[in-house]
Structures are given as structure tokens and as C-alpha cells.
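Remarks on the structure that follows.
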Amino acid sequence: MVKLWVANTDLDWFDYLASQPDVDEVNFWQPSGASNFGAVRKGELFLFKLKSPRNVIGGFGVLSQASNIPLSLAWEAFGTKNGARSFAEMRERIGKYRRDETLAPDYLIGCRVVVQPVFLPQDLWIPQPASWARSIVVGKTYDTSEPEGLRLWEQVIEAARLATAPSVVPRSGVREPAVSEPFEGPRYGEPALIRPRLGQGAFRLAVTDAYARQCAISGGKVLPALEAAHIRAYGEGGAHAVDNGLLLRRDIHSVFDAGYVTFDEDLRLVVSDRVRTDFNNGNEYRRLHGSRLIDPVPPNARPSEVNLEWHRQSRFLG
């Protein structure tokens, strides 16, 4: 059986995102990054329970990642998919929740990355569960092995089916457009984990955490200088998948994409001699030649050999 997390949801966050087209992922943030989130697992459903006076479930998605990161990184990774129009607006909202009279330049916040989100038309909003208490501040877990949790799962899956149909006819009789981003989840059968389909922001955060927030080749830990690199370019068939990613220092990322460095079958850095001939130097990269990639965690984040071979054959200027 699986669980569902019903999260108390800011109305401004919800209304802004529900009005945007083609939202493939969202960052459901917490104003404090002081604790780790473990209420549900990756691949379980994350429900948006709208705060009073609405008191309904207005949407949902699949939990992809939970992490505590600086606000600046969250904005860089997700932008307006944080549910705010600007970095300043998001920072102000966080400061309000934290009751800070003076806003800090940055904050450590909790990020719950939800992919394949569905924002339901109002006619399909789901009543909050009977056991929901007014005193709940953050959220509540429901288990599909119990009647109330199973009923909630069935309501969500049915709402997803109706919301992603070609059109929706609410009780008012006025047709509304279908949800633009189809929900790739079960339509029938027993509750089950759903494989999250990562967007760009979720990919960035998953790769960052897989390499323990350090450059996979230099070991540098200055987070603003690190970037999630695609091994096989996204525009050339590469996926937003953690095994198609490497966390690299920004300059190493650039030379990797340009083909001046690659990795051999033993995951050791290979530096093209063209670094020297094209730029009359390149010592910064040549001294890294032979360095081995840091092993990511978990093991399924290990770089795909198929994608590495693509990079050696299609990108490397050897």
C-alpha cells in the first residue's frame, strides 16, 4: 500500500500556479529548512489542501524530491514554479511566514519538489477528509491500507481522469479546458508508487543531492558555483534523469559541454589536447586529467555508460 500527503497550501501559491500554462513541476516550499521531510516517499502523491476558507483539495502531483536548500538555489532551479512572480516576492512571503521584521538576503528553506502537477477545475475540487482537523498546520499523512486513505486515493485518481479528459463539463454547464499537463499515473487498480517524471528544476536538485553538493570532479563545495550538467544534451535526446547528470563546477560544465573534456569507461576525466592548442594554456583542466568522478548516492544515480559513450563519440574533441 502507499501513502498520500495532504499539505496545507497557501492560496496565493496555488492560485498563481493554477493560472500558468504547461506547469510540469512545482516547488512546494516550507519557510524553514530546519527539518527533513519523510512523511511520504518519492513516487507517492502530494495533495494541495487549500487553506480556509476553501478547505478543499484543489490539486496534487507526485513527490520527486525533498531537500533543504538556500532560497537563492530554489529560485535559480524553479523560478516562477516556486509559486511567486519574482525572487523578491518569494523572499517577502517567506519572511512573512517566519515573522522576520527585516528580510534576510537568503534563507534556508524546505523544498518538496512535486512533478506532474494537476490543478483541478473548481468543479472537481475534492472535499477535505472528514478526519482533517483545523489545528493541522503543515499537513497530514493518509494510508491507502485504511478506508479513508483508500477513498481519498480513489477520489484523486478519478479527478485526474476527468481533469485530463478532452473537456470538462462542470455542474454550471460551462465547458472548461482540460488540464494541459497530462497526469501519467494509474487510472484503475490498486494504489501504487508512480515513477516521477523530472523537469529541469527537479533534475537540478536531484543531481545536486546525489553528489552531496560538491563538484563530482574537483570536490568544490561552493554551491552557487555548481551546476547540474546533462551528459547527453537534453536537446539531443538526453533525459532529465539523475543518471544523465553530473554536478560540475560551472567552468568545468562549460568545457564538458564544449567537448574539451569527457570521461572514460573508468569514470576518469579525459582532457583533450585541444585545451592547450586552442587556448594556449588550459593548465587548470590539464592537471585534473585522470581524476575520477566522485561516486553518487544512491547507486542508481551512477552515470549511464550509454550516455557517457554518446558524449565521447558525439561531443569530445579528442
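The values are calculated or read from the model by the stated rules, or taken from the named source; none is laboratory data. Treat the numbers as computed from the prediction; the structure is a model and nothing was measured. Cβ coordinates were reconstructed from backbone atoms using ideal geometry, including for glycine residues, and neighbour counts include every protein chain displayed.
Just a few scattered comments:
- Check on Gly95, surrounded by fewer than 20 Cβ atoms within 10 Å (Cβ to Cβ) and either closer than 19 Å to Val137 by Cα or not assigned by TED's automatic domain parsing to the domain that holds Arg112 (or both): yes
One line per residue, one yes/no per condition, for (1) at negative phi; (2) buried (at least 18 other Cβ atoms within 10 Å of the Cβ); (3) among the hydrophobic types (A, V, I, L, M, F, W, C):
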position: Ala74; (1), (2), (3): yes, yes, yes
position: Gly79; (1), (2), (3): no, no, no
position: Phe87; (1), (2), (3): yes, no, yes
position: Asp100; (1), (2), (3): yes, no, no
position: Pro105; (1), (2), (3): yes, no, no
position: Pro117; (1), (2), (3): yes, yes, no
position: Pro129; (1), (2), (3): yes, yes, no
position: Ile136; (1), (2), (3): yes, no, yes
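- Residue list for the range 5-33, restricted to those being in contact (Cβ under 8 Å) with a residue 12 or more places away in the chain and assigned to a loop (DSSP other than H, G, I, E, B): Asp10, Gln20, Pro21, Asp22, Val23, Asp24, Pro31, Ser32, Gly33
- From the list Leu103, Leu63, Leu108, the lone residue that is out of contact with any helix residue (DSSP H, G or I) (no Cβ under 6 Å at 6 or more places or on another chain) and more than 18 Å from Trp13 (Cα to Cα) is Leu108.
- Those helices (runs of 4 or more DSSP H) of the range 199-287 in which 2 or more residues are modelled with pLDDT under 95 occupy 274-279, 283-286.
- Unique residue being modelled with pLDDT of 95 or more, assigned by TED's automatic domain parsing to the domain that holds Ala130, part of a helix (DSSP H, G or I) and closer than 27 Å to Leu226 by Cβ when the list is Gly61, Gly43, Gly79: Gly79
- In the set (1) under 17 Å from the mean Cα position of the chain (by Cα); (2) crowded, with 17+ Cβ neighbours inside 10 Å; (3) not charged (D, E, K, R), the condition left unmet by Gln214 is number (1).
- Filtered by the rule that a residue be part of a helix (DSSP H, G or I) and aliphatic (A, V, I, L, M), the range 82-130 gives Ala88, Met90, Ile94, Leu124.
- Test: residue in the range 48-56 that is over 20 Å from Ile94 (Cβ atoms), within 17 Å of the chain's Cα centre (by Cα) and exposed (fewer than 15 other Cβ atoms within 10 Å of the Cβ): no
- Residue count for the range 82-108 satisfying the condition of being polar (S, T, N, Q) and within 17 Å of Ile69 (Cβ to Cβ): 1.
- Single condition Val156 does not satisfy, out of (1) over 25 Å from the mean Cα position of the chain (by Cα); (2) assigned to a helix (DSSP H, G or I): (1)
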